[in-house]
Amino acid sequence: MSKFWSEVVHTLTPYVPGEQPKLANLIKLNTNENPYGPSPKVIAALKAEAADSLRLYPDPYSSVLKATIAEYYGLQPNQVFVGNGSDEVLAHVFCALLKHDKPVLFPDITYSFYPVYCGLYGIQYETVALNANFVIDVADYDKPNGGIIFPNPNAPTGIPLALAEIECLLQKNMESVVVIDEAYVDFGTQSAIKLVSTYPNLLVTQTLSKARSLAGLRVGFALGHPDLIEAMVRVKDSFNSYPLDRFATAGAVAAMQDHAYFEETCHKVIATREWLAIELQKIGFEVLPSTANFIFARHPLHDGAELAENLRDHNIIVRHFKKPVRISPFIRITVGTDAECQALIAALIKQ
Ligand SMILES: *Cc1c(COP(=O)(O)O)cnc(C)c1O
């Protein structure tokens, strides 16, 4: 009954997340979830929250969580914005900070949600090609823009950009906001958070979905100058006053406070990633240098779609992107447990 649709709906091309099949014995290496569960302290905090107090609305300002995140990174609470997953945070970023007369710039190969937000909010954008090695060259961003956004490390390549390069970009773009999406930063990339108090045009977003094993809880945040945060709060309070429920807030606070567990699981994922990269190379794959919790790799003799299809026959799912064509030879493999990655290598050897 599309006659009832608002006009904009006809023009939308929504983001398609990786599939979540309900199959037994599936080795799920397709959506960059953490193979290790959340901290036991998070589970305890969630259980404690299952109480009579659920009849009350949560704190609309998420003050405790903001204070916890601010303290963790040595910032002030008014430099922190929290939301229902960083996807929601990013939506508010596009609406609040990136809709201008000039186009927003992002790489041609990057998180495919960015153009979707542009479609929703009617924001003009221009993509900037990664160089021949799939690396972001900041010199290519030296043009008029209404903002710049990319993940660091980039997705789905996993390749990081040095902090000095980001600083260079910030200095050249004092009139527009530079957003660094640090969804995977904790697996070995230098964070730009230390630049937040120096550059009023820098906004850093992060998520608890990957390194803190809480994809199911939906918590993300942004860090930046209080003016940038206020713009996002205005959008949020025009949309949903309570994006974080009582569980999300309690779980997120506990996760941020259990630093030891976070470090331990990140180290395990990094160690498995390094092993996996070497094993893939031994069987002929070209592996891009990843500092994320996934590996982007191609084989000279097999197409990406074919590789993904064959792995599925072994009950292993990875992610394949048909577009842009430059990345269609690749598969993106989430780093799982050691056993899952061994099973993946065994399946690839049989092909
Ligand atoms: C996973 C991911 C996000 C979103 O994470 P949420 O689960 O919505 O917090 C944002 N950006 C990139 C690049 C991602 O890969």
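The values are calculated or read from the model by the stated rules, or taken from the named source; none is laboratory data. Bear in mind the structure is a predicted one, so any value in this text is a computation, not a measurement. When we count neighbours, we look across all protein chains shown, and the Cβ atoms used for this are built from the backbone with ideal geometry, even at glycine. Surface accessibility is based on the protein's heavy atoms, side chains included, excluding ligands, DNA and RNA. Shrake-Rupley method; radii C 1.70, N 1.55, O 1.52, S 1.80 Å.
Mean separation of Cα pairs under 8 Å and 6+ residues apart, divided by the residue count of the chain: what relative contact order is that in percent?
Relative contact order of the chain: 24 percent.
What is the local net charge at Ala254, summed over the other residues whose Cβ is closer than 12 Å to its Cβ (Lys, Arg +1; Asp, Glu -1)? Write out the running numbers ahead of the final one.
On the way: positive: Lys41, Lys47, Arg212; negative: Glu49, Asp258.
Result for the neighbourhood of Ala254: +1.
Would you mind telling me the antiparallel percentage of the DSSP bridges in segment 40-258, rounded to 5?
About 40 percent, rounded to the nearest 5.
Quick one: which residues, 5+ away or cross-chain, put their amide H under 5 Å from the amide H of Ile180? H built at 1.01 Å from N.
Leu203, Val204, Thr205
When only the heavy atoms of the protein chains count and the probe is 1.4 Å, how do His267, His225 rank by accessible area, highest first?
Putting His267, His225 in descending order of accessible area: His267, His225.
Please find, in a Gaussian network model of the chain (springs between Cα atoms separated by less than 10 Å), the residue of Gly158, Gly336, Gly119 whose mean-square fluctuation is greatest.
Gly119
Across segment 55-68, in residue order, what do the Karplus-derived ³J(HN,Hα) couplings come to in whole Hz, using 6.51 cos²θ - 1.76 cosθ + 1.60 with θ = phi - 60° and x for Gly and Pro?
For segment 55-68, the Karplus-derived couplings read 6, 9, 4, x, 5, x, 9, 6, 4, 5, 5, 4, 5, 5 Hz, x marking Gly and Pro.
Probe of 1.4 angstrom, ligands and nucleic acids ignored: what's the accessible area per residue over the chain, in square angstrom? Can you show the working numbers first?
Working: 16010 Å² over 351 residues.
That works out to 46 Å² for each residue.
Which residues in segment 112-147 place their backbone N less than 18 Å from a point set 7 Å from the Cα of Trp5 along the Cα-to-Cβ direction?
Residues passing the 18 Å test: 116-123.
Just the number, please: carbon plus sulfur as a percent of the accessible area of the chain, 1.4 Å probe, no ligands or DNA/RNA counted. Before the final figure, lay out each step's value.
On the way: 8790 of 16010 Å².
Carbon plus sulfur share of accessible area: 55 percent.
Collect residues whose amide H, placed 1.01 Å from N in the peptide plane, falls under 5 Å from the amide H of Ala129; neighbours closer than 5 in sequence don't count.
Asp108
Around Tyr61, under 15 Å between beta carbons, what's the net of Lys plus Arg minus Asp minus Glu among the other residues?
Local net charge: 0.
Within 10 Å, Cβ to Cβ, of Gln124, how many net charges do the neighbouring residues add up to if Lys/Arg are +1 and Asp/Glu are -1?
Taking every other residue near Gln124 into account, the sum is 0.
Cα gyration tensor of segment 40-258, axes a ≥ b ≥ c as square roots of the eigenvalues: rounded (a/c below 1.5), prolate (a/b > b/c) or oblate?
Prolate, because a/c is 1.5 or more and a/b exceeds b/c.
For the chain, set up a GNM with springs between Cα atoms under 10 Å and report which of Pro200, Pro144, Pro324 has the largest fluctuation.
Greatest mean-square fluctuation among the candidates belongs to Pro324.
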